[in-house]
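Here the structure is laid out as structure tokens; the discussion comes afterwards.
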Amino acid sequence: MENMTQNAVEVRGLRKQYGEVTAVDGLDLTIRRGEVFGLLGPNGAGKSTTVEILQGHRARDGGDVSVLGADPARAGRAWRSRVGIVWQDESAPAELTVRETVGHFARYYPAPRDPAEVIALVGLEHKRDERVKGLSGGQRRRLDVALGVIGDPELLLLDEPTTGFDPAARRRFWELIRQLADGGTTVVLTTHYLEEAEALADRLAVIARGRVVAEGVPAELRTRFGSGATVAWTDPDGTGRSIATETPTRTVRELMARFDGEIPGLKIARPTLEDVYLRLTGQLDGAALPAQSAQSAQSAQSARTTRSTQTTQSAVQQPEDSR
């Protein structure tokens, strides 16, 4: 494997089975230290299972995995305190206040961040004495992130962190992730939101049927896999026209000759990241994914219910001051 001073995560040939269903099928992945890395893929593609294996919550069936220089399957409490995680379904104790919750979780780590600082970081200082059950969905999600970073992790794993957010709350959350990344935290993000991935991620990996089918900088993926363009214009009778073409420059020249100069309503649209994503995952023009992907999602979700009581980070078994 490559030099771990440069890479936070190295995965080679990762495999995971749920019965007869293959959830992860020979997946390879490299994530550099200090970057925001996005994992994209439809339900059942293997994203959440991969994140669980990286964090040490799920045993793998094959392949090599190194996270912060250690194998998650054999790493101890000291390693776990360096990795933070925010699950889709995480929830803090409802009866405690924000301040009590963050302070309590801070005691689980050998060198936690200051709870007041973390509460301010996630924008909940005005809610610090509010009980968790009184928080909005977006505020609870911010609290989940606070619990994920209170141990001052080197690596933060975020599994669909903005599901259910309204657009304004999603934008505020993006700013929080940028702050964490600017502070040196490596962030791994799974998401269904293409705009979110493009706004936050330094690099992306698209996963389909348990394998990485493309990896790179968002703009690079559009260039490599988003060939062609759509040229649109308005005919003299007012009818809107468009054509998909691999040679948009030639098309525009032909239109200029036809209109003898200015082309009414001319628009040239290059493929978006969403177009590229749909093509890579086999969903373009409504194409259905193989049945195995749907089965994989169901099997993984069933297995995932066994960890519903897990805390945001499983760094230790008891608070620091009671050892």
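The values are calculated or read from the model by the stated rules, or taken from the named source; none is laboratory data. The structure displayed is predicted, hence computed values, not measured ones. Cβ coordinates were reconstructed from backbone atoms using ideal geometry, including for glycine residues, and neighbour counts include every protein chain displayed. When the accessible area is computed, the model is the full protein with side chains, heavy atoms only, and any ligands, DNA or RNA have been set aside. Shrake-Rupley method; radii C 1.70, N 1.55, O 1.52, S 1.80 Å.
Which of the residues belonging to the stretch 259-284 are on the phi < 0 side of the Ramachandran plot and surrounded by fewer than 12 Cβ atoms within 10 Å (Cβ to Cβ)?
In the first step, residues of the stretch 259-284 are kept if they are on the phi < 0 side of the Ramachandran plot; the result is 259, 262-264, 266-281, 283-284.
GLU262, the sole residue that qualifies.
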Qualifying residues in the stretch 92-111 (those that are among the aromatic types (Phe, Trp, Tyr) and open to solvent by 20 Å² or more (accessible area, probe 1.4 Å)) - the one farthest from ARG131 (Cα to Cα): TYR108
So GLY123, is it open to solvent by 20 Å² or more (accessible area, probe 1.4 Å), out of contact with any Pro (no Cβ under 8 Å at 6 or more places or on another chain), at positive phi and not aromatic (Phe, Trp, Tyr): yes
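Filter the stretch 29-56 down to the residues that are assigned to a loop (DSSP other than H, G, I, E, B) and within 28 Å of ASP182 (Cβ to Cβ), then identify the one that is most open to solvent (accessible area, probe 1.4 Å). It would help to see each step written out before you state the result.
Within the stretch 29-56, the subset assigned to a loop (DSSP other than H, G, I, E, B) is 33-35, 41-46, 56.
Subset that is within 28 Å of ASP182 (Cβ to Cβ): 33-35, 41, 56.
Numbers: ARG33: 92, GLY34: 37, GLU35: 13, GLY41: 0, GLY56: 24 Å².
Top of the filtered list is ARG33.
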One residue from ALA168, ALA146 being without any contact (Cβ under 8 Å) to a residue 12 or more places away in the chain and either open to solvent by 20 Å² or more (accessible area, probe 1.4 Å) or under 30 Å from GLN6 (Cβ atoms) (or both): ALA168
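GLY26 - would you say it is touching a residue at least 24 places away in the same chain (Cβ under 8 Å), part of a strand (DSSP E or B) and buried (at least 18 other Cβ atoms within 10 Å of the Cβ)? If you could, list the steps in order and put the result at the bottom.
Details: touching a residue at least 24 places away in the same chain (Cβ under 8 Å): yes; part of a strand (DSSP E or B): yes; buried (at least 18 other Cβ atoms within 10 Å of the Cβ): no.
When the stated conditions are applied, GLY26 does not pass them.
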Output for the stretch 76-91, where each listed residue is among the small types (Gly, Ala, Ser) and open to solvent by 20 Å² or more (accessible area, probe 1.4 Å): GLY76, ALA78, SER91
Any pair with Cβ under 8 angstrom, 6 or more apart, that starts in the stretch 110-136 at a residue that is within 24 Å of TRP174 (Cβ to Cβ) and ends at one that is outside any helix (DSSP H, G or I) and of a type in the set (D, E, K, R): ARG113/ASP152; ALA116/ARG128; ILE119/ARG128; VAL132/GLU95
Residue match in the stretch 204-223 (condition: over 24 Å from ASP25 (Cα atoms) and touching a Gly at 6+ places or on another chain (Cβ under 7 Å)): no
Count of residues meeting criterion [farther than 24 Å from TYR193 by Cβ and of a type outside the set (Gly, Ala, Ser)] in the stretch 212-235: 4
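So, in the stretch 219-242, of the ones that are touching a helix residue (DSSP H, G or I) at 6+ places or on another chain (Cβ under 7 Å) and at pLDDT below 90, which residue ends up farthest from ALA201 (Cα to Cα)?
If we take residues in the stretch 219-242 being touching a helix residue (DSSP H, G or I) at 6+ places or on another chain (Cβ under 7 Å) and at pLDDT below 90, then ALA229 is farthest from ALA201 (Cα to Cα).
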Residue satisfying all of: in the stretch 191-220; of a type in the set (A, V, I, L, M, F, W, C) and in contact with a Ser or Thr (Cβ under 8 Å, 6 or more places away or on another chain); surrounded by the fewest Cβ atoms within 10 Å (Cβ to Cβ) among these: VAL213
Helices (runs of 4 or more DSSP H) contained entirely in the stretch 77-195, each with at least 1 residues that are within 20 Å of ILE31 (Cβ to Cβ): 77-80, 137-149, 167-182
Residue pairs meeting the criteria (Cβ under 6 Å; at least 6 apart or on separate chains; first touching a residue at least 40 places away in the same chain (Cβ under 8 Å) and of a type outside the set (Val, Ile, Thr), in the stretch 193-210; second in a loop (DSSP other than H, G, I, E, B) and open to solvent by 40 Å² or more (accessible area, probe 1.4 Å)): ARG203/VAL217
